[in-house]
Amino acid sequence: MEIVRLSSPDRPFVRAWHAGGFTVGERRYTGSLLLLPDRVEPWRPIDPAALAPPDLEPLRPWAGSAVTLVVIGTGLRSQRPSPALCAALRGLGLAFETMSTPAACRTWNLLLADDRPAAALLVALP
């Protein structure tokens with residue numbers, strides 16, 4: 001899947017989540033996603049229990065400046081990230097919240113509507 005950069009005033013609001021993917025705007029995506037205010041990128045993780053610091057690499061260019069808060073959707077239920085992942089997020093200067101993927105989609109839409117400097121990492125539902 002390619003990175004989709006959005007033109008203004010298009011914003012990557014999540015319209016639906018479903019087994020194996022999401023509908024963002026008018027487009028359907030398969031797999032996990034990284035959402036930023038101006039783009040949608042594929043995100044590799046499929047197992048929320050296995051999230052690790054290297055999974056955060058796509059955030060590095062925006063961390064601390066364009067993004068200060070990350071919403072992490074961990075599948076069907078909220079799962080606490082590993083201590084290593086928490087330390088890596090803090091090391092990037094990012095505040096974070098973990099929640100189920102449906103809750104993360106709803107929270108992302110609110111943050112995006114409020115123009116908050118946020119990103120969403122969404123693990124697709126099984």
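Taken together, the values in this text are just the output of simple stated rules run on the coordinates, not laboratory data. These figures come from a predicted structure and were not determined experimentally. Using ideal geometry, Cβ is built from the backbone for each residue, glycine included, and neighbour counts are taken over all protein chains shown.
For the reader, a short list of remarks on this structure follows.
- Candidate values (i) 14, 51, 32, 3; (ii) 12, 35, 27, 17, 8, 1; (iii) 12, 41, 25, 14, 7, 1 were compared with P(r) over Cα pairs in 10 Å bins from 0, in percent computed on the shown model; the agreeing label is (i).
- Extended-chain gain in nm, criterion 0.36 nm per residue less alpha-carbon gap, residue 116 and residue 68: 16.4 nm
- Spacing of the modelled spin labels on residue 52 and residue 16, each 7 Å from Cα toward Cβ, amounts to 3.5 nm.
- Note that region 98-106 has calculated 3J(HN,Hα) couplings of 10, 6, 4, 4, x, 5, 5, 5, 5 Hz, one per residue in order, obtained from phi through the Karplus relation 6.51 cos²θ - 1.76 cosθ + 1.60 (θ = phi - 60°); glycine and proline are x.
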